[in-house]
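*Asks:* I am attaching a structure below and will ask some questions about it afterwards.
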Amino acid sequence: VSGVCGCCGALRPRYKRLVDNIFPEDPEDGLVKANMEKLTFYALSAPEKLDRIGAYLSERLSRDVARHRYGYVCIAMEALDQLLMACHCQSINLFVESFLTMVRKLLEADKPNLQILGTNSMFSSFVSYHRSYDFFVSRFSEMCHSSYEDPDIRTKIRMAGIRGLQGVVRKTVNDELQANIWDPQHMDKIVPSLLFNLQQEEGIERSPSPETEKEKESPVELTERCFRELLGRAAYDNIKNAVKPVLMHLDNHSLWESKTFAVRCFKIIMYSIQSQHSHLVIQQLLGHLDANSKNSARVRAGIVEVISEAAVIEASGSIGPTVLEVFNTLLKQLRLSVDYELTGSYDSFANMGSKVIKVHEERQLQEAVIKTIGSFANTLPTYQRSEVMLFIIGKIPVTGMYPALGVEGNRMIQIMLLKSLLQVTAGFQSTNILTALPTSFLDPLLSFTLMEDAEIRLLVLDILISIIDRHDNRHKFSPVRIISDISVLKLKVDKCSRQDNLFMKKHSQRLYRHIYLACKEESSIQRHFESLYTLLGLICVELANEEVVVDLIRLALALQDLALTEEALPVYNRCAIHALSAAYLNLISQLTTVPTFCQHVHEVIESRKKLVPFLLPEDVLVESSKIPEKVEGEVLFVQAKIAEMLGGSGYNTERLATPYIPQITDEDRLSKRKSIGDTVSLQLEMESRNSPEKEQRSTAEQITFETLKQAIVDSVNVEELERERRRQVVERFQTAPFEEIAAHCGARASLLQSKLNQIFEITIRPPPSPSGSVGNGHGRSHSVPVYEMKFPDLCVY
């Protein structure tokens, strides 16, 4: 029977005859439109036949592909497209299966034109409930990597692959019934394919032939549009799967070192995803930076650069819980970089297989990390920047915190973290100085002003200047010079607020003391004195009330006395202190606008110009002359005269006439310690100071090598005894019976109660008698509690 049906066309099924009739004898004539209309009408009238029509068309297309009759292949695909456009019945799914089988045949063909045809047909006009797109994702990704010899054809194949991936994403991403396109097995193919084409911008040469408007779009432009669309559709749970292939692609192709492409990729990512998901990208980048902690410095620097760009974009949108995490990871990388630079190895124990550390690359990484910290901090609001400042100051190690790194390692970490802190404070403007410089931040910061390292002291001064300068006045005080009329500086001066006055009342003496002690440092250079002058000038402009002005004048005069009396200081330092004092008194005299004060300062400065020009800032930086043995007379500022002049303008004359003498505290001395010997000496001195037998000790206790050695041995013995005592206590509570433990605790409670009774007995005094005597001298009178005392009526309200 089948043979008869094959020979006699009239006996064949009607749907087959209708399908055959749409194909002309010459494929160049194209689809027979009249017969196509009949086929479409039949499919709409008998939708149950649609799946058979699709199967037969698929059979014909496969035969035509095998016989290289590509004209009929195009006609078959055109017919399928029209049927899909016209039919919307329940049987469409079975028809779609046949359609996708035909598309698959085309994509598997060797001819580029057939691959492009299959791609264009697949996503032109239909909506599918097809559940598996594994083959299409793999095939389109392969087309995106096409290496066809002809550049024009290669470009077309790649663009077809990109459009194919775009179509797959569009049809699956928002439909829960579809296959999950966000699974790693799909993302690991889609994302690298898009990045590969995004990377080809420089290597693609455009054909000079005329192109249609649609073809003018390059693969790079199409890829970027597709990539943005993919990321824009990513939900919270899908961000990780979308970003991880990007990180792997940059790793596999060593693209972190060049930085440009990596930065471009993550800019696209950060601007394309929903803003509330931005912190997830930052978290992945930070995790990737940690994972590459032992990679080369150039790779880590590239990741840091990307974090810098991405964090700025994220901060301008949604700031999640990653603010301190960003700084924590970056500071950790600084610490590791210093470790690598000093040890010369990425491992704790250097071995033959370890990588060679390049010091200059580690330095570049450190600068990149510090720059990133600053750029990210600049986008934060004031309250968060204050939290970051506290966070960083808490990370700065004290000397000896990292014994494995030695003195130099600790010093480098301190400098790196202070540089980071300086970047965070750059441009920081807080209306409330109390919140900008809380005690928890100011105390550790000021302790570093007394370090012997000159670079550390300079960084601390710059940090204080950045925080106090709220009106951008700092650059107007540089360089240090004598100005006859300070109005040319155009200083911005506002009236001190209540918070400013409270701050100075609480912290001013500590600031003055540290400024005074900083001037005594022998290792100070020109930049230190310039920073000290700027800091003093900013205090006068930003935070000064009448009382502060008096104290600042006293401090300037005390610095003059320091330069006269401190003969141990180098000649340059003494000249610089004189110049600093003169320049500052010139500034503050004009700010106070007291004519006699200004006249006195002017006369002293003129005398110095004639007699000792090296005591003025304009000459001290270039002159190397020695200070005369005696500097006196008209070249010095006289405190008594200044006090008298300012007293007539309402300033506190008594306070002005009192010389400023800084009180050296134990904290100041402790911050200067460099060894255990210094610590032991300080402890012994403090013990002697607090001992009741202080009067009996005529000479200070001698500290020798044997004394230090004995102190170390004793401390070890004390620790061993303390450990043994703790072990016995734990053992007693674990093994002793309950009655014994209860009796022991009861005895301790009784002892405590007896001590409290003694204290109460001492503190409660008997009421005074009318005669003024407390007792008769033969015995103690009985103490009367306060609530039982009888007071005169005049004393009771």
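*Asks:* How about the stretch 430-440: which of its residues are part of a helix (DSSP H, G or I), surrounded by fewer than 20 Cβ atoms within 10 Å (Cβ to Cβ) and under 21 Å from the mean Cα position of the chain (by Cα)?
*Replies:* Matches in the stretch 430-440: THR435, SER440.
*Asks:* In addition: Given the conditions (1) touching a Gly at 6+ places or on another chain (Cβ under 9 Å); (2) of a type outside the set (Asp, Glu); (3) modelled with pLDDT under 85, report the number of the one that CYS87 does not fulfil.
*Replies:* Result: CYS87 passes all but (1).
*Asks:* From the residues in the stretch 415-432 that are touching a helix residue (DSSP H, G or I) at 6+ places or on another chain (Cβ under 6 Å) and polar (S, T, N, Q), which one is modelled with the lowest pLDDT?
*Replies:* Among residues in the stretch 415-432 that are touching a helix residue (DSSP H, G or I) at 6+ places or on another chain (Cβ under 6 Å) and polar (S, T, N, Q), the one modelled with the lowest pLDDT is SER430.
*Asks:* Next up: In the stretch 306-317, is there at least one residue being among the hydroxyl-bearing types (Ser, Thr, Tyr), surrounded by fewer than 22 Cβ atoms within 10 Å (Cβ to Cβ) and more than 15 Å from the chain's Cα centre (by Cα)?
*Replies:* No, the stretch 306-317 contains no residue that is among the hydroxyl-bearing types (Ser, Thr, Tyr), surrounded by fewer than 22 Cβ atoms within 10 Å (Cβ to Cβ) and more than 15 Å from the chain's Cα centre (by Cα).
*Asks:* Would you check if there is a residue in the stretch 462-471 being more than 19 Å from LEU511 (Cα to Cα), open to solvent by 20 Å² or more (accessible area, probe 1.4 Å) and touching an Asp or Glu at 6+ places or on another chain (Cβ under 9 Å)?
*Replies:* Scanning the stretch 462-471, I find at least one residue that is more than 19 Å from LEU511 (Cα to Cα), open to solvent by 20 Å² or more (accessible area, probe 1.4 Å) and touching an Asp or Glu at 6+ places or on another chain (Cβ under 9 Å), so the answer is yes.
*Asks:* Restricting attention to the stretch 534-562, which residues are open to solvent by 10 Å² or more (accessible area, probe 1.4 Å) and closer than 12 Å to LEU585 by Cβ?
*Replies:* Those that are open to solvent by 10 Å² or more (accessible area, probe 1.4 Å) and closer than 12 Å to LEU585 by Cβ: CYS540, VAL549, ARG554.
*Asks:* Same structure, new question: Test ARG481 against the criterion of being charged (D, E, K, R), closer than 30 Å to SER607 by Cβ and open to solvent by 70 Å² or more (accessible area, probe 1.4 Å), and give yes or no.
*Replies:* Yes; evaluated as a whole, the condition is true for this residue.
*Asks:* State all residues of the stretch 373-402 that are over 16 Å from LEU445 (Cα atoms), surrounded by 15 or more Cβ atoms within 10 Å (Cβ to Cβ) and among the hydrophobic types (A, V, I, L, M, F, W, C); if no residue qualifies, say none.
*Replies:* Result: ILE373, PHE376, ALA377, LEU380.
*Asks:* Can you give me the number of residues within the stretch 478-504 that are within 26 Å of ILE577 (Cα to Cα), assigned to a helix (DSSP H, G or I) and in contact (Cβ under 8 Å) with a residue 24 or more places away in the chain?
*Replies:* 2
*Asks:* Scan the stretch 611-625 and tell me whether some residue there is outside any loop (DSSP other than H, G, I, E, B), under 23 Å from TYR660 (Cα atoms), over 41 Å from the mean Cα position of the chain (by Cα) and not basic (Lys, Arg).
*Replies:* yes
*Asks:* Take VAL326 and tell me if it is open to solvent by less than 20 Å² (accessible area, probe 1.4 Å), at pLDDT below 90 and under 11 Å from the mean Cα position of the chain (by Cα).
*Replies:* Answer is yes for this residue.
*Asks:* Working only within the stretch 503-533, note down all residues that are surrounded by fewer than 23 Cβ atoms within 10 Å (Cβ to Cβ), of a type in the set (Ser, Thr, Tyr) and under 33 Å from the mean Cα position of the chain (by Cα).
*Replies:* Matches in the stretch 503-533: SER508, TYR512, SER523, SER524.
*Asks:* Please determine whether any residue of the stretch 450-471 is closer than 30 Å to CYS598 by Cα and without any contact (Cβ under 8 Å) to a residue 12 or more places away in the chain.
*Replies:* no
*Asks:* Identify the residue in the stretch 118-145 that is in a helix (DSSP H, G or I) and open to solvent by 20 Å² or more (accessible area, probe 1.4 Å) and, among all such residues, is modelled with the lowest pLDDT.
*Replies:* ASN120
*Asks:* Okay, next question. Could you please find all residues in the stretch 403-429 being open to solvent by 10 Å² or more (accessible area, probe 1.4 Å) and over 29 Å from THR343 (Cα atoms)?
*Replies:* Result: ALA426, GLY427, GLN429.
*Asks:* With respect to ASP290, is the statement that it is open to solvent by 70 Å² or more (accessible area, probe 1.4 Å), part of a helix (DSSP H, G or I) and among the acidic types (Asp, Glu) true?
*Replies:* no
*Asks:* If you go through the stretch 277-292, how many residues are among the polar types (S, T, N, Q) and over 17 Å from the mean Cα position of the chain (by Cα)?
*Replies:* 1
*Asks:* Same structure again: For GLN115, state whether it is closer than 19 Å to GLN166 by Cα and either open to solvent by less than 20 Å² (accessible area, probe 1.4 Å) or at pLDDT below 80 (or both).
*Replies:* yes
The values are calculated or read from the model by the stated rules, or taken from the named source; none is laboratory data. Because the structure is a prediction, the values reported are computed rather than measured. Because the Cβ atoms are built from the backbone with ideal geometry, glycine has one as well, and the counts that use them run over all protein chains shown. The protein model used for the area step is the full one, side chains on, heavy atoms only, and it has no ligands, DNA or RNA in it. Shrake-Rupley method; radii C 1.70, N 1.55, O 1.52, S 1.80 Å.
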